[in-house]
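Visitor: Take a look at this one; I'll ask things after.
The values are calculated or read from the model by the stated rules, or taken from the named source; none is laboratory data. What you see is a predicted model; the values in this text were computed from it and never measured. Note: ideal-geometry Cβ built from the backbone for every residue, glycine included; neighbour counts use all protein chains shown. Heads up: the accessible areas ignore ligands, DNA and RNA and are worked out on the full protein's heavy atoms, side chains in. Shrake-Rupley method; radii C 1.70, N 1.55, O 1.52, S 1.80 Å.
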Amino acid sequence: MVARGSERASRLVLRPLTEDDQDEFLELAKDSVELHRPMVLPTTVEDFRVFLGRFGDPGSAVGLLVCVRETGAIVGNVNINSIIRGRLQSGSLGYAVFRAYAGQGYMSEGLGLVIRYAFEELRLHRLEAQIRPDNHASLKLVQRLGFRFEGVSPELLFIGGRWRDHERWAITSGVVGAPHPSLPRH
Ligand SMILES: CC(C)(COP(=O)(O)OP(=O)(O)OC[C@H]1O[C@@H](n2cnc3c(N)ncnc32)[C@H](O)[C@@H]1OP(=O)(O)O)[C@@H](O)C(=O)NCCC(=O)NCCS
(Lines give C-alpha, C1' and ligand atoms only; values in the text may rest on other atoms or scores of the structure.)
Protein backbone atom coordinates (compact mmCIF):
# COMPACT_ATOMS: atom_id res chain seq x y z
CA MET A 1 0.00 0.00 0.00
CA VAL A 2 1.16 3.52 -0.68
CA ALA A 3 1.05 5.73 2.39
CA ARG A 4 -1.98 7.89 3.02
CA GLY A 5 -1.62 11.49 1.96
CA SER A 6 1.26 10.93 -0.44
CA GLU A 7 -0.80 11.60 -3.53
CA ARG A 8 -2.08 15.06 -2.76
CA ALA A 9 0.03 18.11 -3.56
CA SER A 10 2.77 18.45 -0.97
CA ARG A 11 4.22 21.59 0.60
CA LEU A 12 7.49 19.62 0.72
CA VAL A 13 10.04 18.17 -1.68
CA LEU A 14 12.75 15.56 -1.27
CA ARG A 15 16.30 15.93 -2.49
CA PRO A 16 19.52 13.99 -1.93
CA LEU A 17 21.91 15.11 0.80
CA THR A 18 25.12 16.49 -0.76
CA GLU A 19 28.40 17.99 0.43
CA ASP A 20 26.96 21.45 -0.34
CA ASP A 21 24.51 20.95 2.53
CA GLN A 22 27.29 20.59 5.09
CA ASP A 23 27.11 24.00 6.78
CA GLU A 24 23.32 24.26 6.93
CA PHE A 25 22.98 20.65 8.05
CA LEU A 26 25.53 21.08 10.85
CA GLU A 27 23.81 24.24 12.12
CA LEU A 28 20.43 22.51 12.16
CA ALA A 29 21.83 19.37 13.79
CA LYS A 30 23.60 21.36 16.54
CA ASP A 31 20.36 23.24 17.20
CA SER A 32 18.50 19.91 17.52
CA VAL A 33 20.83 17.87 19.76
CA GLU A 34 18.42 17.84 22.71
CA LEU A 35 15.45 16.84 20.56
CA HIS A 36 17.39 14.03 18.88
CA ARG A 37 18.99 12.54 22.02
CA PRO A 38 19.90 9.67 22.39
CA MET A 39 20.05 9.57 18.58
CA VAL A 40 22.93 11.62 17.20
CA LEU A 41 23.24 13.35 13.84
CA PRO A 42 26.64 14.73 12.79
CA THR A 43 27.56 18.03 14.42
CA THR A 44 31.16 18.26 13.18
CA VAL A 45 32.61 18.46 9.67
CA GLU A 46 34.40 15.17 10.19
CA ASP A 47 31.25 13.36 11.28
CA PHE A 48 29.27 14.92 8.43
CA ARG A 49 31.76 13.53 5.90
CA VAL A 50 31.54 10.04 7.40
CA PHE A 51 27.72 10.32 7.39
CA LEU A 52 27.64 11.47 3.76
CA GLY A 53 30.01 8.63 2.84
CA ARG A 54 27.37 6.13 3.92
CA PHE A 55 25.35 7.18 0.86
CA GLY A 56 28.18 6.82 -1.66
CA ASP A 57 26.61 3.70 -3.16
CA PRO A 58 22.94 4.51 -3.82
CA GLY A 59 22.28 0.81 -4.29
CA SER A 60 22.97 0.30 -0.58
CA ALA A 61 21.69 3.43 1.14
CA VAL A 62 20.06 6.72 0.19
CA GLY A 63 20.32 9.95 2.20
CA LEU A 64 17.44 12.38 1.61
CA LEU A 65 16.55 15.84 2.87
CA VAL A 66 12.97 16.92 3.43
CA CYS A 67 12.69 20.55 2.29
CA VAL A 68 9.98 23.20 2.12
CA ARG A 69 8.97 23.46 -1.53
CA GLU A 70 8.68 27.26 -1.61
CA THR A 71 11.79 28.25 0.34
CA GLY A 72 14.11 25.24 0.10
CA ALA A 73 14.50 25.25 3.91
CA ILE A 74 15.64 21.87 5.25
CA VAL A 75 13.13 20.60 7.81
CA GLY A 76 14.43 17.08 8.36
CA ASN A 77 16.29 14.13 6.96
CA VAL A 78 15.36 10.57 6.07
CA ASN A 79 17.80 7.78 5.24
CA ILE A 80 16.85 4.57 3.52
CA ASN A 81 19.57 2.33 4.96
CA SER A 82 20.53 -1.32 4.46
CA ILE A 83 18.87 -1.70 1.07
CA ILE A 84 18.70 -5.38 0.21
CA ARG A 85 17.52 -6.58 -3.18
CA GLY A 86 16.83 -10.18 -4.34
CA ARG A 87 13.88 -11.77 -2.55
CA LEU A 88 13.74 -9.11 0.18
CA GLN A 89 13.64 -5.78 -1.73
CA SER A 90 13.77 -4.01 1.61
CA GLY A 91 15.17 -0.93 3.27
CA SER A 92 15.55 0.32 6.82
CA LEU A 93 14.50 3.88 7.71
CA GLY A 94 16.29 6.46 9.81
CA TYR A 95 14.76 9.94 10.20
CA ALA A 96 14.77 13.10 12.23
CA VAL A 97 13.08 16.48 12.16
CA PHE A 98 15.07 19.62 12.98
CA ARG A 99 13.97 21.46 16.13
CA ALA A 100 12.34 24.50 14.55
CA TYR A 101 10.06 22.29 12.46
CA ALA A 102 9.04 19.65 15.04
CA GLY A 103 5.41 18.87 15.77
CA GLN A 104 3.97 20.55 12.67
CA GLY A 105 3.30 17.54 10.48
CA TYR A 106 6.37 18.04 8.27
CA MET A 107 7.76 14.59 8.93
CA SER A 108 4.40 12.87 8.41
CA GLU A 109 4.30 14.48 5.01
CA GLY A 110 8.02 14.06 4.27
CA LEU A 111 8.16 10.42 5.28
CA GLY A 112 5.04 9.85 3.18
CA LEU A 113 6.96 11.20 0.18
CA VAL A 114 9.92 8.94 1.00
CA ILE A 115 7.67 5.89 1.16
CA ARG A 116 6.24 6.74 -2.23
CA TYR A 117 9.74 7.31 -3.66
CA ALA A 118 10.99 4.01 -2.20
CA PHE A 119 8.10 1.97 -3.58
CA GLU A 120 7.62 3.71 -6.94
CA GLU A 121 11.12 4.85 -7.92
CA LEU A 122 13.42 2.43 -6.06
CA ARG A 123 10.81 -0.32 -6.40
CA LEU A 124 11.42 -1.62 -2.91
CA HIS A 125 8.81 -3.92 -1.41
CA ARG A 126 9.23 -3.30 2.33
CA LEU A 127 10.39 -0.50 4.60
CA GLU A 128 11.11 -1.02 8.28
CA ALA A 129 11.56 1.46 11.10
CA GLN A 130 13.16 0.32 14.34
CA ILE A 131 11.83 2.43 17.19
CA ARG A 132 12.61 2.59 20.92
CA PRO A 133 9.43 1.83 22.91
CA ASP A 134 9.68 5.22 24.70
CA ASN A 135 9.97 7.20 21.43
CA HIS A 136 6.33 8.25 21.34
CA ALA A 137 6.72 10.86 18.58
CA SER A 138 8.24 8.28 16.25
CA LEU A 139 5.65 5.63 17.13
CA LYS A 140 2.84 8.10 16.38
CA LEU A 141 4.51 9.05 13.10
CA VAL A 142 4.71 5.52 11.69
CA GLN A 143 1.21 4.63 12.87
CA ARG A 144 -0.14 7.74 11.13
CA LEU A 145 1.50 6.49 7.92
CA GLY A 146 0.06 2.99 8.10
CA PHE A 147 3.05 0.96 9.32
CA ARG A 148 2.22 -2.25 11.21
CA PHE A 149 3.79 -3.46 14.45
CA GLU A 150 5.80 -6.59 13.85
CA GLY A 151 7.49 -7.25 17.18
CA VAL A 152 10.22 -6.27 19.60
CA SER A 153 13.89 -7.09 19.08
CA PRO A 154 15.96 -7.04 22.26
CA GLU A 155 19.27 -5.13 22.09
CA LEU A 156 18.76 -4.41 18.37
CA LEU A 157 20.62 -1.12 17.85
CA PHE A 158 23.61 0.55 19.49
CA ILE A 159 22.35 4.05 20.35
CA GLY A 160 23.81 6.53 22.82
CA GLY A 161 26.47 4.12 24.06
CA ARG A 162 24.41 0.99 24.61
CA TRP A 163 22.42 -1.73 22.87
CA ARG A 164 18.74 -0.88 23.07
CA ASP A 165 15.55 -2.86 22.53
CA HIS A 166 13.53 -1.65 19.54
CA GLU A 167 10.05 -2.20 18.18
CA ARG A 168 9.98 -3.10 14.49
CA TRP A 169 7.33 -1.33 12.40
CA ALA A 170 7.01 -2.01 8.68
CA ILE A 171 5.03 -1.11 5.60
CA THR A 172 4.87 -3.09 2.34
CA SER A 173 4.18 -1.82 -1.12
CA GLY A 174 1.56 -4.12 -2.52
CA VAL A 175 1.83 -4.02 -6.31
CA VAL A 176 3.01 -0.66 -7.70
CA GLY A 177 4.09 -1.32 -11.27
CA ALA A 178 6.93 -3.40 -12.68
CA PRO A 179 9.12 -5.17 -10.11
CA HIS A 180 12.79 -4.31 -9.71
CA PRO A 181 14.91 -6.35 -12.16
CA SER A 182 16.76 -8.03 -9.29
CA LEU A 183 13.55 -9.68 -8.02
CA PRO A 184 13.63 -13.37 -8.97
CA ARG A 185 10.75 -14.41 -11.21
CA HIS A 186 9.85 -17.42 -9.02
C1 LIG B 1 10.31 11.18 15.34
C2 LIG B 1 10.24 12.60 14.80
C3 LIG B 1 10.90 12.65 13.43
C4 LIG B 1 8.76 12.98 14.67
O5 LIG B 1 8.72 14.35 14.23
P6 LIG B 1 7.39 15.21 14.41
O7 LIG B 1 7.73 16.60 14.10
O8 LIG B 1 6.76 14.90 15.72
O9 LIG B 1 6.45 14.56 13.32
P10 LIG B 1 5.38 15.28 12.42
O11 LIG B 1 6.05 16.24 11.53
O12 LIG B 1 4.60 14.22 11.78
O13 LIG B 1 4.49 16.09 13.45
C14 LIG B 1 3.49 15.42 14.16
C15 LIG B 1 2.76 16.44 15.02
O16 LIG B 1 2.36 17.54 14.23
C17 LIG B 1 0.93 17.71 14.32
N18 LIG B 1 0.50 18.16 12.99
C19 LIG B 1 0.27 19.45 12.67
N20 LIG B 1 -0.07 19.54 11.39
C21 LIG B 1 -0.06 18.29 10.88
C22 LIG B 1 -0.30 17.75 9.60
N23 LIG B 1 -0.66 18.52 8.56
N24 LIG B 1 -0.15 16.42 9.41
C25 LIG B 1 0.21 15.61 10.43
N26 LIG B 1 0.47 16.07 11.68
C27 LIG B 1 0.34 17.40 11.91
C28 LIG B 1 0.42 16.36 14.73
O29 LIG B 1 -0.81 16.45 15.40
C30 LIG B 1 1.52 15.89 15.64
O31 LIG B 1 1.40 16.49 16.92
P32 LIG B 1 1.32 15.59 18.25
O33 LIG B 1 2.69 14.98 18.38
O34 LIG B 1 1.01 16.57 19.30
O35 LIG B 1 0.30 14.55 17.99
C36 LIG B 1 10.92 13.62 15.79
O37 LIG B 1 10.33 13.50 17.05
C38 LIG B 1 12.42 13.43 15.91
O39 LIG B 1 13.18 13.88 15.07
N40 LIG B 1 12.86 12.74 17.00
C41 LIG B 1 14.28 12.55 17.23
C42 LIG B 1 14.90 11.58 16.25
C43 LIG B 1 14.18 10.27 16.26
O44 LIG B 1 13.76 9.77 17.31
N45 LIG B 1 14.05 9.65 15.06
C46 LIG B 1 13.36 8.41 14.89
C47 LIG B 1 14.16 7.26 15.31
S48 LIG B 1 13.18 5.78 15.23
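Visitor: Taking the stretch 103-132 as the search range and keeping residues that are farther than 16 Å from G63 by Cβ and charged (D, E, K, R), which one is nearest to the chain's Cα centre (by Cα)?
Guide: E128
Visitor: Would you mind stating whether A118 is farther than 14 Å from L12 by Cβ, assigned to a helix (DSSP H, G or I) and open to solvent by 30 Å² or more (accessible area, probe 1.4 Å)?
Guide: Numbers: farther than 14 Å from L12 by Cβ: yes; assigned to a helix (DSSP H, G or I): yes; open to solvent by 30 Å² or more (accessible area, probe 1.4 Å): no.
Judged against the criteria, A118 is not a match.
Visitor: In the list V62, V13, V40, V33, which residue meets the criterion of being surrounded by fewer than 19 Cβ atoms within 10 Å (Cβ to Cβ), in contact (Cβ under 8 Å) with a residue 40 or more places away in the chain and over 16 Å from Y106 (Cβ atoms)? Don't jump to the end; show me each part of the working.
Guide: Values: V62 fails: surrounded by fewer than 19 Cβ atoms within 10 Å (Cβ to Cβ); V13 fails: over 16 Å from Y106 (Cβ atoms); V33 fails: in contact (Cβ under 8 Å) with a residue 40 or more places away in the chain.
Selected residue: V40, the only one of V62, V13, V40, V33 that is surrounded by fewer than 19 Cβ atoms within 10 Å (Cβ to Cβ), in contact (Cβ under 8 Å) with a residue 40 or more places away in the chain and over 16 Å from Y106 (Cβ atoms).
Visitor: Tell me which residues, restricted to the stretch 87-144, are within 9 Å of the ligand (Cβ to nearest atom) and charged (D, E, K, R).
Guide: Of everything in the stretch 87-144, those that are within 9 Å of the ligand (Cβ to nearest atom) and charged (D, E, K, R) turn out to be R99, E109, R132, K140, R144.
Visitor: Here is a list: A100, A170, A73. Which entry is among the aliphatic types (A, V, I, L, M) and under 15 Å from the mean Cα position of the chain (by Cα)?
Guide: Details: A100 fails: under 15 Å from the mean Cα position of the chain (by Cα); A73 fails: under 15 Å from the mean Cα position of the chain (by Cα).
Answer to the check: A170.
Visitor: If you don't mind, another one. Could you give every pair whose Cβ atoms fall below 9 Å, whose first residue belongs to the stretch 138-160 and is under 17 Å from V114 (Cβ atoms), and whose second residue is open to solvent by 100 Å² or more (accessible area, probe 1.4 Å) and within 11 Å of the ligand (Cβ to nearest atom), counting only separations of at least 6 or pairs across chains?
Guide: Pairs that qualify, where the first residue is under 17 Å from V114 (Cβ atoms) and the partner is open to solvent by 100 Å² or more (accessible area, probe 1.4 Å) and within 11 Å of the ligand (Cβ to nearest atom), are R144/R4; L145/R4; G146/R4.
Visitor: Ok, one more. Could you run through the stretch 32-73 and say how many residues are within 13 Å of the ligand (Cβ to nearest atom) and in contact with a Cys (Cβ under 7 Å, 6 or more places away or on another chain)?
Guide: Step one: of the stretch 32-73, the residues within 13 Å of the ligand (Cβ to nearest atom) are 32-41, 66, 68.
Restricting the remaining residues to those that are in contact with a Cys (Cβ under 7 Å, 6 or more places away or on another chain) gives none.
Looking only at that region, the number is 0.
Visitor: Just name the residue that is farthest from the ligand (Cβ to nearest atom) out of those in the stretch 74-86 that are of a type outside the set (V, I, T) and in contact with a strand residue (DSSP E or B) (Cβ under 9 Å, 6 or more places away or on another chain).
Guide: Looking only at the stretch 74-86, we keep the residues that are of a type outside the set (V, I, T), and these are 76-77, 79, 81-82, 85-86.
Going one step further and asking which of them are in contact with a strand residue (DSSP E or B) (Cβ under 9 Å, 6 or more places away or on another chain), we end up with 76-77, 79, 81-82.
Working: G76: 6, N77: 9, N79: 10, N81: 12, S82: 14 Å.
Taking the candidates together, the pick is S82.
Visitor: Yes or no: S153 at negative phi and either surrounded by fewer than 18 Cβ atoms within 10 Å (Cβ to Cβ) or among the basic types (K, R) (or both)? Quick ask: steps written out before the conclusion?
Guide: Values: at negative phi: yes; either surrounded by fewer than 18 Cβ atoms within 10 Å (Cβ to Cβ) or among the basic types (K, R) (or both): yes.
So S153 fits the description; yes.
Visitor: Here's another thing I want to ask about it. Which residues, counting only those in the stretch 163-186, are open to solvent by 60 Å² or more (accessible area, probe 1.4 Å) and within 16 Å of the ligand (Cβ to nearest atom)?
Guide: Within the stretch 163-186, W163, D165 qualify.
Visitor: Moving to a separate point now. Go through R99, R132, R144, R54 for me and flag whichever is open to solvent by 50 Å² or more (accessible area, probe 1.4 Å) and under 22 Å from T172 (Cα atoms). Working first, answer last.
Guide: On the way: R99 fails: under 22 Å from T172 (Cα atoms); R132 fails: open to solvent by 50 Å² or more (accessible area, probe 1.4 Å); R54 fails: under 22 Å from T172 (Cα atoms).
Selected residue: R144, the only one of R99, R132, R144, R54 that is open to solvent by 50 Å² or more (accessible area, probe 1.4 Å) and under 22 Å from T172 (Cα atoms).
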